[in-house]
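Can you keep this structure in mind? I'll have questions shortly.
The values are calculated or read from the model by the stated rules, or taken from the named source; none is laboratory data. Everything quoted here is computed from the prediction, not taken from an experiment. Cβ placement follows ideal geometry from the backbone for every residue including glycine, while neighbour counts extend to all protein chains displayed. SASA here: full protein model, heavy atoms, side chains in, ligands and nucleic acids out. Shrake-Rupley method; radii C 1.70, N 1.55, O 1.52, S 1.80 Å.
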Amino acid sequence: MAATLTHRKIDWTGIAFAVVLTLIIVFPLLVVGTWAFTNVWRYPSVIPQEFGLRFWEQTLARADVWSSITMSLTLAFTVTALSAAICLPAAYAFARLDFPGRNLLFFSFLAGHAFPKFGLLVAIAGIFLQLNLIGTFWGVVLIQLVGTLLFMIWIPVAAFQSVDRRMEEAARDVGASPLRVFWSITLPQAGPTIAAAILLSFVGTFYETEGAWLIGAPQVRTLPVLMISFINNQPVIQYGAVLSVLLWVPSFIALLFARRVVNSGSFARGFGG
Amino acid sequence: MSVLSIKDVSKIFPNGNVRAVDSFSLDVADGELVCLLGPSGSGKSTLLRMVGGFETPTSGVMTIDGEDITRLPPEKRPTGMVFQSHALWTHMNVFKNLAFGLKLRKVSPDEIKRRVEGVLELVGLGGYGTRGVGQLSGGQQQRVALARSLVLEPKILLLDEPFASLDQHLRERLREEVRDIQQRLKITTLFVTHGQDEALSMADRIVVMRDGRTEQIDRPDVVYREPQTPFVAGFIGTMNLVEGTVSNGIFSRAGYSTPLPVSDGPATLAIRPEALDLAAAEDGGQGKVHRVTDYGTHGLVDLDLRDNTRIKAMVSHPDLFKAGQGVTLKPRAIAAYRDNALIHRA
């Protein structure tokens, strides 16, 4: 053992990759994070001249910021709940039943992600215009629902498929009805992986921008949409930075939550690993 | 009075026209342990799964205590199944695994506690209720699986190769335990296995299956001593099966011949190694010793007939034989088969 340890080569390429990746991911976050807590930062100084919470106070004092936070959370909860209600039974059907066109349907969920999304959105927006869904809450819910389908079908399908059929049969054997088996055996067994899928679609919906902007604007304003308009319309960097840091909060909470609910293998299992 | 009655049951799976089970009939008496024994693909598991309600027969009728169960779903049947892969619910602890079926039956919590603890004692796992399934060894998991079925007091216990995933030592211990429990509770049991040792040591009766059909149904000692077909003869225990021809009451194959009082024609001669004596021959004899293996308690001689047909003989003094030596065969008991049926035994 000692010999192999001392003779083990240091993987410089691996370390280099890790360092570069870390820089690429962490550096922009660091810059944005710094900007959010900066009052004055002028060229050529490397460190801001004055730190402070001035722009936080200004941003949080705005009514449209609070209403967009509420809007984003309401949307994310609604879309995720609806998506779960629709997709989980469908995923179970895909995993356990054989019906004509099963494979074609299954791969059709990929279609929405296989083509340039914006083109698709514009086409959908045209249809929504005729249905009077443009600028409405439910219009945005619908468009964001489409975005969650892939995760909410494919991951739970893999989760259901990995549940041992014998476990379900054993439950039937001791007297459980098919519905009871699903509720007491299949769902808890697939639970952690499904929780991962729900988490992914919640965070994904919270950050979804194109659909929300195209269908919802200007009446329905989510936090990311507001951030874009801030960045576009305000010469002051700090407004965008503050909103950006605000946007980290849900994914940070989600990640903490994920570590508790989801064991490390579940994501991999969900993706067929 | 038979508890379980299977009449003319067939199963044809939709993909492919193979009859997994072909016109199978069996009556199992109260408290009896019947083993379904056969190689993989013989239809024994399919048959068991049909009794449990996990497969529907294509035709035929099954009754338990006279009641037709052929079309009942598993949850409506008075059967309890133990699966090969134990199939315990890993998100529940041992107690909850056992209590699940009782809860569905609306048994009171006190009664559940009493019955679960009683059955855990019975399978030698008293006090293991709060353990997680993953904390148990393979043998313990299989005991919990057995307890999960027993706690519901099924009319018929179904065991689907329950020891297949365990090592030899554990397998032998568990099958003794299961047999003890089965006899103590006098529970009617259908047991699927491909291991002849398991069938011979546990069963009241053995059903030898092949290609979805019954080859023979008998007590273990009868199946061993009086196999009705060459398949059974070859499948249970070690058997020398020699194909040859009978002419004028003499069976012969490659220089070996023995009297066989049957009509002329082809025949398969069956001789157990332990019923075959060997004598040293000066002039080459009927066969030549290939190898001698000394097992301490006995020896095993592998010998070849002149056309290299391999034959095994059990001898009490292996040191009397050596490789290359010519021997004469002196069987003490033989059976002969023709057209898959027994035609002679002596």
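Which one of B:202, B:50, B:314 has the biggest mean-square fluctuation once chain B is modelled by GNM with Cα springs under 10 Å?
Taking springs between Cα atoms under 10 Å, the residue moving most is B:314.
Counting only residues 5 or more places away or on other chains, whose amide H sits under 5 Å from the amide H of residue B:251 once H atoms are built in the peptide plane?
Residues meeting the criterion, in which the H sits 1.01 Å from N, are B:258, B:260.
Could I ask something else about it? Could you compute how fast region A:67-234 diffuses translationally, taking Rh as the Kirkwood radius over C-alpha pairs and applying Stokes-Einstein at 10 °C with viscosity 1.306 mPa s? Give it in µm² per second.
Values: Rh = 17.5 Å.
The calculation lands on 91 µm²/s.
Give a residue-ordered list of calculated ³J(HN,Hα) values for region A:212-221 (Karplus: 6.51 cos²θ - 1.76 cosθ + 1.60, θ = phi - 60°; whole Hz; x for Gly, Pro).
Ordered by residue, 3J(HN,Hα) equals 4, 6, 5, 8, x, 5, x, 5, 9, 10 Hz.
Okay, next question. Before we go on, tell me the buried accessible area for the A/B pair, both chains summed, 1.4 Å probe, in Å² to the nearest 100. If you can, show how the numbers build up before the last one.
On the way: alone 16460 and 16590 Å², together 31340 Å².
In total, this chain pair buries about 1700 Å².
How do the peptides B:204-212, A:59-67 rank, highest first, by the average count of neighbouring beta carbon atoms within 10 Å per residue?
Those peptides, ordered most packed to least, come out B:204-212, A:59-67.
For region A:67-234, with every protein chain kept in place, what is the accessible area per residue (1.4 Å probe, Å²)? List each step's numbers first, then the result.
Values: 7750 Å² over 168 residues.
Counting only protein heavy atoms, the per-residue value for region A:67-234 is 46 Å².
Label-point separation (nm) for residue B:280 and residue A:67, each offset 7 Å from Cα along Cα-to-Cβ?
11.2 nm
To continue, here is another question. Output the peptides A:182-195, A:90-103 sorted from most to least packed, where packing is the average of other Cβ atoms within 10 Å over each peptide's residues. Provide the component values of the computation, followed by the final result.
Working: A:182-195: 19.9, A:90-103: 13.8.
Per-residue Cβ counts within 10 Å, averaged per peptide and sorted highest first, yield A:182-195, A:90-103.
Considering only DSSP states other than H, G, I, E and B, which chymotrypsin sites (Phe, Trp or Tyr not before Pro) in region B:230-301 qualify as loop sites with at most 12 other Cβ atoms within 10 Å? It would help to have the intermediate numbers written out before the result.
Values: sites: B:231, B:235, B:251, B:256, B:295; in loops: B:295.
Sites meeting the loop and neighbour criteria: B:295.
Roughly speaking, to the nearest percent, how much of chain B's 1.4 Å accessible area is carbon and sulfur?
48 percent
With θ taken as phi - 60° and the coefficients 6.51, -1.76 and 1.60, list the Karplus ³J(HN,Hα) couplings across region B:4-15 in order, rounded to whole Hz; mark glycine and proline as x.
10, 10, 10, 10, 6, 7, 10, 9, 10, 6, x, 8
Cross-link partners among lysines for residue B:103, C-alpha distance below 23 Å, same-chain residues fewer than 8 apart left out?
B:76, B:113, B:155
Could I ask something else about it? In square nanometres and to one decimal, what's the mean projected area of the convex hull around the Cα atoms of the protein assembly as shown? Let's see the in-between values first.
On the way: hull surface 180.3 nm².
It is 45.1 nm².
Which percent of the accessible heavy-atom area of chain A goes to carbon and sulfur, probe 1.4 angstrom?
The value for chain A is 72 percent carbon and sulfur by accessible area.
With N set to the residue count of region B:216-346, report its C-alpha Rg divided by 2.2 N^0.38 Å to two decimal places. Spell out each step's value before the answer.
Numbers: Rg = 14.7 Å, N = 131, 2.2 N^0.38 = 14.0 Å.
My calculation over the Cα atoms of region B:216-346 gives 1.05.
Beyond 29 Å, what share of the Cα-Cα pairs of chain B remains, rounded to the nearest whole percent? Intermediate results must be reported in sequence, preceding the final value.
Details: 30346 of 59685 pairs.
Percentage above 29 Å: 51.
Another one. Residues of B:75-83, mean number of Cβ from any other protein chain within 10 Å of their own Cβ, rounded to a whole number? Write out the running numbers ahead of the final one.
Values: counts 10, 3, 3, 0, 1, 3, 6, 2, 7.
Counting Cβ atoms of other protein chains within 10 Å of each residue's Cβ and averaging gives 4.
May I ask for the angle, rounded to the nearest 10°, between helix B:168-185 and the longest principal axis of chain B, with both axes built from Cα atoms and the value confined to 0 to 90°?
60 degrees
If amide hydrogens are placed 1.01 Å from N in the peptide plane, which non-local residues have theirs closer than 5 Å to the one on residue B:277?
The answer is B:330, B:332.
Using only atoms on other chains, find how many Cβ atoms lie within 10 Å of each Cβ of peptide A:172-185 and report the average. Don't skip to the answer; put the middle values down first.
Details: counts 9, 18, 17, 11, 6, 4, 2, 0, 3, 1, 0, 0, 6, 5.
What the average comes to for A:172-185 is 6.
Given H placed on each backbone N at 1.01 Å, which residues far from residue B:343 in sequence or on other chains put an amide H within less than 5 Å of it?
So residue B:343 has HN proximity to B:336, B:337, B:338.
Further question: So what are the ³J(HN,Hα) numbers for region B:309-317, from phi and the Karplus equation (6.51, -1.76, 1.60; θ = phi - 60°), rounded to whole Hz, Gly and Pro as x?
Values per residue, Gly and Pro as x: 5, 7, 10, 10, 9, 9, 10, 8, 10 Hz.
Right, another one. On a 20 Å Cα-Cα criterion, which of the cross-link pairs B:96/B:186; B:44/B:96; B:11/B:44; B:288/B:330 come out too long? Could the numbers behind the result be given before it?
Working: B:96/B:186 26 Å; B:44/B:96 31 Å; B:11/B:44 11 Å; B:288/B:330 14 Å.
Table pairs above 20 Å Cα-Cα are B:96/B:186; B:44/B:96.
Normalised by the number of residues in chain A, what is the relative contact order in percent for Cα pairs under 8 Å and 6+ residues apart? Intermediate values should be presented prior to the final figure.
Working: 268 pairs, mean separation 72.6, N = 273.
This gives 27 percent for chain A.
Give the angle, between 0 and 90 degrees and rounded to the nearest 10, that separates the Cα long axis of helix A:187-207 from the longest principal axis of the Cα atoms of chain A.
Here the helix axis deviates by roughly 30 degrees.
If you line up the long axis of helix B:94-104 against the longest principal axis of chain B, both from Cα atoms, how many degrees apart are they, to the nearest 10?
So the helix axis and the longest Cα principal axis differ by about 70 degrees.
If you don't mind, there's one more thing I want to ask. Give the cross-link partners of residue B:322 among the aspartates and glutamates, using a straight C-alpha distance below 16 Å as the criterion and excluding same-chain residues fewer than 8 apart.
Partners found: B:277, B:282, B:283, B:294, B:302, B:304.
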